Amino acid sequence: MLQTHAVGVSFQGIAALAGVDLSIYKHQVTSIIGPSGCGKSTLLRCFNRLNELIPGTTVTGSMLLAGQNLHTLHPVEVRRRVGMVFQKPNPFPKSVYDNIAIGLQVNGYRGNIDARVESALQQVGLWDEVKDKLKKTATELSGGQQQRLCIARAIASTPMSC
C-alpha cells in the first residue's frame, strides 16, 4: 500500500533520516518504534507530506502510495488517503458527533453519516461512553477519550482505501 525507498529528511541541512526503505501492507498493522528523537514522527509526516510545510525541510528518495508517486499527487488528496492521529489528541472544538461527521461531509460522503459515526466510535471502544454525549464539545472529554475520538475520526474517513 505504501512503500519508501531511500527516503531521507533534513531540516536546515541537518539530516534527521537517511536511507529509509519500508513497505506497509494493506490490512496489516505496522509499528514504528525507537528511542526519542530517532525520526519516527519525521518519517510518519512524510507519508502525508506534512514535512513540506516546515520551511527549510528537504525530503529525498521515493514514496509510493498504491503504486503512485506520492509527490505527483495533490497534498490534499494524499491527506485524504493517509490518515494520521498524533500522540497528543487534537479534537476540533466542536461536538463529539461533528468531530467525526465533518470529515465525511467535507469529502462528500453520501451514505448514512449517523451509522458511520456510531460504527467508528464502536470500533475504538468509545460508543458506550459518549452515546449520550454526542452533542457535547469534544474538548470536554478526557485525554484518553479525545485520543480515541481522533482515531475514530480517521477510521470513519477510511484513509488508505486507494
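The values are calculated or read from the model by the stated rules, or taken from the named source; none is laboratory data. It should be emphasised that the depicted structure is a prediction, and the values quoted were computed from it without experimental measurement. With ideal geometry, Cβ positions are generated from the backbone for all residues, glycine too; neighbour counts draw on all protein chains shown.
Assigned to a helix (DSSP H, G or I) and either under 22 Å from S31 (Cβ atoms) or at pLDDT below 95 (or both): does that describe R110?
no
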Could you go through region 134-156 and let me know if any residue there is assigned to a helix (DSSP H, G or I), over 15 Å from the mean Cα position of the chain (by Cα) and among the hydrophobic types (A, V, I, L, M, F, W, C). yes
Failed condition for D128, given (1) under 30 Å from S23 (Cβ atoms); (2) touching a helix residue (DSSP H, G or I) at 6+ places or on another chain (Cβ under 9 Å); (3) not assigned by TED's automatic domain parsing to the domain that holds K40, with all others met? (1)
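For region 51-67, indicate whether the set of residues that are within 18 Å of S157 (Cβ to Cβ), modelled with pLDDT under 95 and among the hydrophobic types (A, V, I, L, M, F, W, C) is non-empty. So that I can check it myself, show each step before the final result.
Of all residues in region 51-67, those within 18 Å of S157 (Cβ to Cβ) come to 65-66.
So of that shortlist, the ones also modelled with pLDDT under 95 come out as 65-66.
From the residues that got through so far, the ones that are among the hydrophobic types (A, V, I, L, M, F, W, C) too are 65-66.
Yes; the residues of region 51-67 include at least one that is within 18 Å of S157 (Cβ to Cβ), modelled with pLDDT under 95 and among the hydrophobic types (A, V, I, L, M, F, W, C).
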Considering each residue of region 117-129, count those that are among the aliphatic types (A, V, I, L, M) and exposed (fewer than 11 other Cβ atoms within 10 Å of the Cβ), and give that number. 0
Scanning region 99-116 for residues that are in contact (Cβ under 8 Å) with a residue 24 or more places away in the chain and in contact with a Leu (Cβ under 8 Å, 6 or more places away or on another chain), which turns out surrounded by the most Cβ atoms within 10 Å (Cβ to Cβ)? I100
